[in-house]
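Colleague: Let me begin by handing over the structure; questions about it come next.
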Amino acid sequence: MSLVVENITKRFSDFAALNDVSFEAQPGEFLALLGPSGSGKTTLLRLLAGLDRPDTGRIDFDGLDYLTLSARDRRVGMVFQSYALFRHMTVAQNIAFGLNVRASKDRPSKAEIQATVQRLLKLIQLEDLGKRYPSQLSGGQRQRVALARALAINPRILLLDEPFGALDALVRKDLRRWLRRIHDETGVTTLFVTHDQEEALDLADRVVVLKDGQIEQIGKPLELYRHPQSAFVFDFLGTSNQVPASLSDGVADFGGFSAPVVSPKALSGAQTVRFRPFDTHLLREGPGFEAKVLSLLPAGANLRLELQSPTGQVFETQHAHDSEASDLCLNDTVYLRPSKVYAF
Ligand code: ADP
Ligand code: MG
C-alpha cells in the first residue's frame, strides 16, 4: 500500500474542516480530490504535506508514519493554483531550488543538480527557457515550471492544488493531457485537487468526492458517473435534469409512460428522479414532459439542446446528430421521455 489516510479529522476551533476522512492510494496512482469550494480539499493537502497537523487520525506512506516526519522529510512535491515561483530566480534556479536548500550532506553535486534541471526542462518541454525569469513566461509555462520544481526533489507524493485554476479553458485542457503524460512517465503517486468535475473525470485513475469535509464517494471516473451513490455526486458530476415520479419495483412511472430506475437503495412512492442529457428521447407527440426548444448547439459528435417546460423549468439533453433531435428547430414543442433515471 502506498498512501494510507485513516480517520483524519481537522478542526478550526469548533468547525470540522475534515471529518473522519479515510482513503488509500496505490503506488503510482493518480487520484483526484473533487469537491466544491470549502469542502476541505486544501486542508487535506496541507495535512499530507506536513504544513498542518490533524486532530486525530493516521497518515502513512509505505509504512512510514508521516505524522512523525517533518514537512521536508516527507519528500512531498507541491504545486499551487497561484504561481508560487520565485520571481527573482530564473526558471532553472527555480527548478533547482528544492535541491539547493538541502543540508550539505544530502545535497547533490552542482553537476548533478544541473543534470536534474536539464532532464526536467526536457520533461516539461521548456528546454530552451532555463535562463528566463517567471515574468517572461505564459501562465501555462509557469505552471509547468512549478511542476518541474516539485518533481526535482524526487517526491514520494505529488500534491497539486487546483494547479490550472487560474488558466483559461483551452490551456487547461492542454495541460491536463500533458500532466497525465508526465505522471505516466514518472510514475509518482499523485493527488490532484480540483472543483472541476470534467478535469477530475478526465485525468484521474480514481476520484475521491468530498463534501463538507467528508468523503461522499470514491471510485473510478465511469463508476462514479454511472453509479453515483448520492444525489450530491450525481448533481456534481454532470448535468442533472430533475422530474417527479412515482417509484415501484425499479420502475419510475410518470403517468402514461415510464423508465427504469438506477438506485443504490430500494425506493418506492413519490420521488424526485434525475436523468442525464443523454438518457432521454424527444418525441413530437406526448405522453412526455412538454417543452419548447430554447437552444440547439452542436457539441462535437452530438447535438446539445436546452428545453423549457411551460412552467419555466429548463432541461438539457444530448443526442446523436442522426437522431430524432436532428430536424428540430428553435421554439418547436417536443415531449421528453427519460429512458433511464436515477433515484436516491
Ligand atoms: P477547499 O480547498 O475545498 O476550498 P479548504 O480546505 O480551504 O476548502 O477549507 C475547508 C473549510 O475549512 C472552509 O470552510 C474554510 O473556511 C475552513 N478553513 C480552512 N483553513 C482554515 C483556517 N486556517 N482557519 C479557519 N478555518 C479554516
Ligand atoms: Mg482549496
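Read the figures in this text as sums done on the coordinates, not as results from a lab. In this text, all values refer to a predicted model and were calculated from it rather than measured experimentally. Quick reminder, even Gly has a Cβ in these numbers, built from the backbone with ideal geometry, and neighbours come from all protein chains shown.
Colleague: Report the full-extension gain for the segment SER309 to SER37: residue separation times 0.36 nm, less the Cα-Cα distance, to one decimal in nm.
Modeller: 94.8 nm
Colleague: Treating cross-link reach as a plain straight distance, find the lysines whose alpha-carbon is under 30 Å from the alpha-carbon of LYS105, omitting any fewer than eight places away in the same chain.
Modeller: LYS122, LYS131
Colleague: Same structure, new question: Provide the FRET efficiency to the nearest 0.05 for the HIS227-SER109 pair, computing r from the beta carbons and using R0 = 45 Å.
Modeller: FRET efficiency, HIS227 to SER109: 0.30.
Colleague: Alpha carbon centre of segment 71-149 versus segment 192-240: separation in Å?
Modeller: 32 Å
Colleague: What would the Debye equation give as log₁₀ I(q)/I(0) for the chain at q = 0.11, 0.13 Å⁻¹, counting only Cα atoms as equal point scatterers?
Modeller: Results for the chain at q = 0.11, 0.13 Å⁻¹ read -0.83, -1.02.
Colleague: Tilt of helix 91-100 relative to the longest C-alpha principal axis of the chain, in degrees (0 to 90, nearest 10)?
Modeller: Roughly 70 degrees between the two axes.
Colleague: For segment 174-269, state which trypsin sites (Lys or Arg not before Pro) are in a DSSP loop and have at most 11 other beta carbons lying within 10 Å of their beta carbon.
Modeller: Of the trypsin sites (Lys or Arg not before Pro), the ones in loops of segment 174-269 whose Cβ has at most 11 other Cβ atoms within 10 Å are LYS265.
Colleague: Can you give the FRET efficiency to the nearest 0.05 for LEU297 and ASP184, using r as the Cβ-Cβ distance and R₀ = 22 Å?
Modeller: Computed FRET efficiency for LEU297 and ASP184: 0.05.
Colleague: Assign one of three labels to segment 191-310, namely rounded, prolate or oblate, based on the Cα gyration tensor with a ≥ b ≥ c the square roots of its eigenvalues; rounded applies when a/c is under 1.5, prolate when it is not and a/b is larger than b/c, and oblate otherwise.
Modeller: Since a/c reaches 1.5 but b/c is at least a/b, the shape of segment 191-310 is classed as oblate.
Colleague: For the Cα atoms of the chain, what angle does the longest principal axis make with the long axis of helix 139-152, in degrees from 0 to 90, nearest 10?
Modeller: 50 degrees
Colleague: Further question on the same structure: Any chance you could give the angle, 0 to 90 degrees and rounded to 10, that helix 110-123 forms with the longest Cα principal axis of the chain?
Modeller: So the helix axis and the longest Cα principal axis differ by about 20 degrees.
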